[in-house]
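Here is the structure we will look at.
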Amino acid sequence: MIAWIADGETPVGEQKIGTEHEKFLFHRHDLAPVAYEGEAGIGALLGRLLTELGPGAEPIMEKGNIIGIIDSDGGAVTLEPGGQLELSGAPLDDIHQTCNETGRHLRHMQAAAAPLDIGMLGIGYHPTARREDIGFMPKGRYRIMSRHMPKVGTLGLDMMLRTCTVQVNLDFSDEADMRQKFRTSLALQPVATALFANSPFKDGAPSGWLSTRAQAWTDTDAARSGVPACVFDDYFGYEQWIDYILDVPMYFLHRGDDYIDVAGRSFRDFMDGMLTGFEGQMPSMADFQDHITTAFPEVRLKRFLEMRGADGGAWGNICALPAFWVGLLYDEEALEEATALAAPLGADDVMAARLSVARDGLRGQLGGRDVHDLAARLVELASAGLRRRARIDDSGGDETGYLAPLRNALASGETPAERLLRLYRDSWDGDLARIFEAERYS
């Protein structure tokens, strides 16, 4: 298991950027969430998208249902539990390529969705739909998760059905580099949550939170989400991360097309041949690779590091998130300065900050410091790091321009969520239906 993670080590200069983003789908005539079934359902949409992507694309199937698409460019389109559609981007060299990939995907999506009168909404939490208004997608792992979630938290089903995120996946060169990047990014993740806060509504009204998505994660499942304290230990490394993963309760076994419910049982017992109901059977590496995907901390280590703290949002913010973290983590000088800012912080500081920034955004606190001040400094460091990377596009621009949404938020003191609240109050006259036109991808 350690060797599997270590196999992801990538030399400096060859490290890639993988961006993932989710969006809500809605029927434009009545703004209702889109179900899987039906002539204008998500299954039909994926079929149209498969045609739109061309002969190199291949469907991902489960029990006769199309549940995703593998694209010829190395990316994939997948389904989240409530029908949120995700682009899992290909490993790319720079933010220019990432933003081009995002544009290509959204244009293909628009072409496939328009004949079905389906729109796409970029936001972190569904603004109007109730939990019961959204149906689960036909994926076996989601049925198991949906049965287990209410046993371990009050907001797990909301997380599954009503949230969207944007995240970036980044490489590390060796165990020491992983440790530094993991600890620094985990400590500073609340700053990203604040900068990208974009989910102030729930059930058709203001929720009292600037990131309702982040708030939902605070009461989902403490055994597999949040802030793993082990990352802040001096001796943290691959082995300690494996220990954490093995202590995460299992969800399922994947056998052929079937997902078998073993929710709450121990992977350590499985390794000892003592998994209840499967005594004498031993796990494969495929079982471990499935299991590691069922841990949901704010930063997750697989063969790369996943930054998981941001709300879904506007097209520009999809490009801004990887720019922020690449500028901080892929430049040696910026990483050292970010590490120094993160050094005084521990797991308890970060846990407390998760709630602070979910409620107050840039006015929140992280380890006794104003998040706005930390965010301003980190955006400066990220910008300097991107300048030193000097990745130039065809028009002669470097990657720093992608940080513009963050600079604007810092200058105004207004997160995306606060902008939405202002529009709701001043321009929309309390009519939240108008968000679907204002914030849809077009």
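The values are calculated or read from the model by the stated rules, or taken from the named source; none is laboratory data. All values derive from a computational prediction rather than experimental measurement. No Cβ is skipped: glycine too gets one built from the backbone with ideal geometry, and neighbour counts run over all protein chains shown.
Key figures for this structure:
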| quantity | calculated |
| --- | --- |
| Boolean, Ile17 is at pLDDT 95 or above, among the β-branched types (Val, Ile, Thr) and closer than 22 Å to Arg303 by Cβ | yes |
| Number of the condition not met by Arg388 [criteria: (1) within 20 Å of Ala334 (Cβ to Cβ); (2) crowded, with 16+ Cβ neighbours inside 10 Å; (3) touching a residue at least 40 places away in the same chain (Cβ under 8 Å)] | (2) |
| Given (1) without any contact (Cβ under 8 Å) to a residue 12 or more places away in the chain; (2) closer than 18 Å to Phe304 by Cα, number of the condition Lys181 does not satisfy | (1) |
| Residue satisfying condition, being within 22 Å of Pro416 (Cα to Cα) and surrounded by 19 or more Cβ atoms within 10 Å (Cβ to Cβ), within set Ala342, Ala310 | Ala310 |
| Subset tally (residues that are in contact with a His (Cβ under 7 Å, 6 or more places away or on another chain) and of a type in the set (A, V, I, L, M)) for the range 155-180 | 1 |
| Segments classed as strands (runs of 3 or more DSSP E), wholly inside the range 1-78, with at least 3 members that are crowded, with 19+ Cβ neighbours inside 10 Å | 17-27, 65-70 |
| Matching option when the condition is surrounded by 19 or more Cβ atoms within 10 Å (Cβ to Cβ), closer than 19 Å to Thr98 by Cβ and not small (Gly, Ala, Ser), among Leu374, Leu378, Leu420, Leu403 | Leu403 |
| In the range 80-94, the residues that are in a loop (DSSP other than H, G, I, E, B) and of a type in the set (S, T, N, Q) | Gln84 |
| Options Thr98, Thr128, Thr154; residue that is polar (S, T, N, Q), under 30 Å from Ala390 (Cα atoms) and modelled with pLDDT of 95 or more | Thr98 |
| Total residues in the range 132-149, condition assigned to a helix (DSSP H, G or I), over 20 Å from the mean Cα position of the chain (by Cα) and within 27 Å of Ala295 (Cβ to Cβ) | 5 |
| Residue match in the range 283-296 (condition: closer than 30 Å to Phe436 by Cβ, at pLDDT 95 or above, surrounded by fewer than 23 Cβ atoms within 10 Å (Cβ to Cβ) and within 18 Å of the chain's Cα centre (by Cα)) | yes |
| Candidates Asp234, Asp221, Asp272, Asp258 - the one that is loosely packed, with under 13 Cβ neighbours inside 10 Å and touching a residue at least 40 places away in the same chain (Cβ under 8 Å) | Asp258 |
| Output for the range 95-118, where each listed residue is outside any helix (DSSP H, G or I) and among the charged types (D, E, K, R) | Asp117 |
| Yes/no for Ala390 being over 22 Å from Arg183 (Cα atoms) and modelled with pLDDT of 95 or more | yes |
| Helices (runs of 4 or more DSSP H) enclosed by the range 363-442 - at least 3 residues per element that are farther than 18 Å from Ser207 by Cβ | 371-389, 404-412 |
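To keep it simple, each residue is scored yes or no on (1) closer than 24 Å to Ala32 by Cβ; (2) among the hydrophobic types (A, V, I, L, M, F, W, C); (3) in contact with an Asp or Glu (Cβ under 7 Å, 6 or more places away or on another chain).
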{"position": "His96", "(1), (2), (3)": "no, no, yes"}
{"position": "Ile118", "(1), (2), (3)": "yes, yes, no"}
{"position": "Gly122", "(1), (2), (3)": "yes, no, yes"}
{"position": "Phe136", "(1), (2), (3)": "yes, yes, no"}
